[in-house]
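A quick write-up on the structure given underneath.
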Amino acid sequence: MAGKQLVAVTGASSGIGEAVAKVFSRAGHPVLMMARRLERMEALKLPDSMARQVDVRDRAAIAAAVKEAEAEYGPVDMLFANAGIARLADIGRQPPEEWDEMIDINTKGVLNSVHAVMSGMMERRHGTLFMMSSIAGRKVYPDHTVYCGTKFFVHAVSESLRDYLSDYDVRVVVLSPGVIETEVLSGVLDPQTLANYKANKLKIGGGIGPEHVADLMLHTYQMPQNALVQEIVITPTRQK
Ligand code: NDP
C-alpha cells in the first residue's frame, strides 16, 4: 500500500516536520502540512500537497484540514504528530504560563491530531501513527522538567495506543530523537538556560540533521504493515 497514500504532518513549517514532508513527498506521497506559519509551508512548493494554517490546540481546525485533504487525496494513511515547543527553563524560576503553553501543544496537540485520523485508520485496518516524543521522554535532563513531563506523556500514550491499535493492524511508532539541528531553541526564552543548552550541544559536537530522522521514518513506514518498528531512538553519537 505504501507509495501513494496521503500523509499528514503537524509542525511541517520547519525542522523535523518540514524534512518529513519533503522526504515523503519525494517518495510520491501527497502531503497535508499543518502549522501556524502558512507561508513557510507554501514556500516548500511540494507537489500534490495541501498546506493549512492550523494550531494543534484547535481540535476542530485539525479535523477540518484532514477532511479537506482526504476529499482531495483519499484517506490519511500516515500521521506525524510532531508539532511541539521546548520552553526549557530552571523549574524554580519558570513562569507557569510557559508550562500551560507547552503542555497544551505537546500533549493535547498530539491527542487532537491522533483523534482526527484514528477512527478512519481503524475502519480501514491500515495506517501508521508517528508520535513525536524525545530522548527527553525516556530520561530526564537539567532545565527540562516540564518538557520531559510532556514527552513522557507522549511515550505513555503511544505505548497504550500501540496496544489498543495493534488489533486493528494500525502501527504506532514513537520517535525519540536527541539533539537535532532545528529551530526548537527559539522556544527557550531564558538566556541562562539557552547558554547552558548551547554549551552542552557544543560539547557533544552539535546536533544532527533532521533529514536523518525523516529517512528513518520513511524506511519504517515502507516496511510491510505487519512489521512494526516500535521506537526510533536517534541521537548524536556523543550525546548521553
Ligand atoms: P521546530 O521549532 O523547527 O519545529 C516545530 C514545529 O512545530 C514548527 O513547524 C511549528 O510551526 C510547529 N508548532 C509549534 N507549535 C504549534 C502549534 N500550536 N500548532 C501547530 N504547529 C505548531 O523544532 P523541531 O523540528 O525540532 O520540533 C519538532 C518536534 O520535535 C517537537 O515536538 C520537539 O519537541 C521534538 N524534538 C526536537 C528535538 C530537537 O533537538 N530539535 C529533539 C527531540 C524532539 P509554527 O510555529 O509555524 O506553528
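Got a sec? Which strands (runs of 3 or more DSSP E) wholly within region 122-240 have at least 1 residues that are of a type in the set (Asp, Glu)?
The qualifying strands (runs of 3 or more DSSP E) are 231-234.
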Practice task
Please enumerate the residues belonging to region 1-37 that are more than 13 Å from ALA214 (Cβ to Cβ) and in a strand (DSSP E or B).
Solution key: LEU6, ALA8, THR10, LEU32, MET33, MET34, ALA35
Completion exercise
Among ARG40, ARG52, ARG57, the single one that is surrounded by fewer than 20 Cβ atoms within 10 Å (Cβ to Cβ), in a helix (DSSP H, G or I) and either of a type in the set (Lys, Arg) or in contact with a Pro (Cβ under 9 Å, 6 or more places away or on another chain) (or both) is ARG40
Handout entry: Evaluation of VAL117 against (1) of a type in the set (Val, Ile, Thr); (2) assigned to a helix (DSSP H, G or I); (3) within 14 Å of the ligand (Cβ to nearest atom) (one fails), failing number
Key = (3)
Handout entry: Conditions (1) touching a residue at least 24 places away in the same chain (Cβ under 8 Å); (2) within 22 Å of ALA21 (Cβ to Cβ); (3) hydrophobic (A, V, I, L, M, F, W, C); number of the one not met by LEU216
Key = (1)
Completion exercise
Pairing a residue in region 18-32 that is closer than 19 Å to GLY74 by Cα and of a type in the set (Lys, Arg) with any residue that is within 16 Å of the ligand (Cβ to nearest atom) and modelled with pLDDT of 95 or more, where Cβ atoms lie under 9 Å and the two sit 6 or more apart in sequence or on different chains, gives ARG26/LEU46
Practice task
Looking at (1) more than 10 Å from the ligand (Cβ to nearest atom); (2) part of a helix (DSSP H, G or I); (3) modelled with pLDDT of 95 or more; (4) surrounded by 15 or more Cβ atoms within 10 Å (Cβ to Cβ), find the lone condition where GLU98 falls short.
Solution key: (3)
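The values are calculated or read from the model by the stated rules, or taken from the named source; none is laboratory data. Because the structure is predicted, anything quoted here is derived from the model rather than measured. With ideal geometry, Cβ positions are generated from the backbone for all residues, glycine too; neighbour counts draw on all protein chains shown.
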